[in-house]
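Here is the structure we will look at, set down as structure tokens.
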Amino acid sequence: MNSSTKERILDAANKVIGEKGLNCFTLDEVAKEAGVSKGGLLHHYPSKDKLIKGLVENYIDFFQSKVSEREKTLSDTSPCNRLMPFIYEQFNQCKLDINIMYGILAAVASNQNLLHPVLEKRKEWFEKINECKDPTMALVISFACDGIAFSNLLGLEVFPEETKVKLMEKLIDLSKECY
């Protein structure tokens, strides 16, 4: 089995959590959704914790790659200017077919130690935004974006698309105060 099988398993796990809930998030159900045998799944992810860890790491890698891609389009790469790609990508999470943040939800519910990579990335992020002219405003923006992303993850998003666009634009305007 190759990396595309691993990706299929991760996609299936996110889909199972999103569509059926954490109570149905079993290795059997994920294998069935991915179209692989349970043995095939266990070859890549020998336990549910390893699968959740894979989901969390996949989310981090995906999000970081999207932010990095967007950063490359900026002329100013100061730490504070990194807020703009972060804002865009937090809002773009809502537009994905499968919410890849479900691994975080699974980790919170089953084994919070699996959140360690997320905590490390957040520490790095907060160190970067502390270099801004107004780190407090940068934190407010960051937490507002987290709120939007987690509202989406939890199915609590009630705003129409045009309101989300206005919120994103406002946060981008506020981010300019940070450089």
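The values are calculated or read from the model by the stated rules, or taken from the named source; none is laboratory data. All of these numbers come straight from a predicted model, not from anything done at the bench. Reconstructed Cβ throughout: ideal geometry from the backbone, glycine too, with neighbour counts over all protein chains shown. Surface areas here come from the heavy atoms of the whole protein model, side chains and all, with no ligands, DNA or RNA. Shrake-Rupley method; radii C 1.70, N 1.55, O 1.52, S 1.80 Å.
If you check Glu169, Glu120, Glu157, which single one turns out to be within 22 Å of Ile100 (Cβ to Cβ), surrounded by fewer than 13 Cβ atoms within 10 Å (Cβ to Cβ) and either at pLDDT 95 or above or out of contact with any strand residue (DSSP E or B) (no Cβ under 9 Å at 6 or more places or on another chain) (or both)?
Glu120
Can you find a residue that is under 12 Å from the mean Cα position of the chain (by Cα) and either closer than 19 Å to Leu27 by Cα or not small (Gly, Ala, Ser) (or both) anywhere in segment 74-86?
So far as segment 74-86 goes, yes, one or more of its residues are under 12 Å from the mean Cα position of the chain (by Cα) and either closer than 19 Å to Leu27 by Cα or not small (Gly, Ala, Ser) (or both).
Looking at segment 1-41, which of the residues that are touching a residue at least 24 places away in the same chain (Cβ under 8 Å) and touching a Phe, Trp or Tyr at 6+ places or on another chain (Cβ under 6 Å) is surrounded by the fewest Cβ atoms within 10 Å (Cβ to Cβ)?
The residue in question is Gly18.
Hey, among the residues in segment 123-139 that are loosely packed, with under 14 Cβ neighbours inside 10 Å and of a type outside the set (D, E, K, R), which one's nearest to Glu169 (Cα to Cα)?
Restricting to residues being loosely packed, with under 14 Cβ neighbours inside 10 Å and of a type outside the set (D, E, K, R), the top hit is Thr136.
Can you name the residue in segment 69-88 that is farther than 20 Å from Asn130 by Cβ and at pLDDT 80 or above and is also most open to solvent (accessible area, probe 1.4 Å) among such residues?
Lys72
Starting from segment 111-125, keep only residues that are over 24 Å from Phe25 (Cβ atoms), then list their pairs with residues that are hydrophobic (A, V, I, L, M, F, W, C) and surrounded by 12 or more Cβ atoms within 10 Å (Cβ to Cβ) whose Cβ atoms are within a distance under 8 Å, requiring at least 6 positions of separation or different chains.
Listed by first residue and then by second, the contacts come to Trp125/Phe86.
Do you know which residues across segment 140-150 are surrounded by 15 or more Cβ atoms within 10 Å (Cβ to Cβ) and either within 23 Å of Asn14 (Cα to Cα) or not hydrophobic (A, V, I, L, M, F, W, C) (or both)?
Ser142, Cys145, Ile148, Ala149, Phe150
Which condition number does Lys53 fail, the rest of (1) surrounded by fewer than 17 Cβ atoms within 10 Å (Cβ to Cβ); (2) within 30 Å of Asn130 (Cα to Cα); (3) modelled with pLDDT of 95 or more being met?
In the conditions (1) surrounded by fewer than 17 Cβ atoms within 10 Å (Cβ to Cβ); (2) within 30 Å of Asn130 (Cα to Cα); (3) modelled with pLDDT of 95 or more, Lys53 misses (1) alone.
Please determine whether any residue of segment 130-150 is under 30 Å from Val16 (Cβ atoms) and touching a Cys at 6+ places or on another chain (Cβ under 9 Å).
yes
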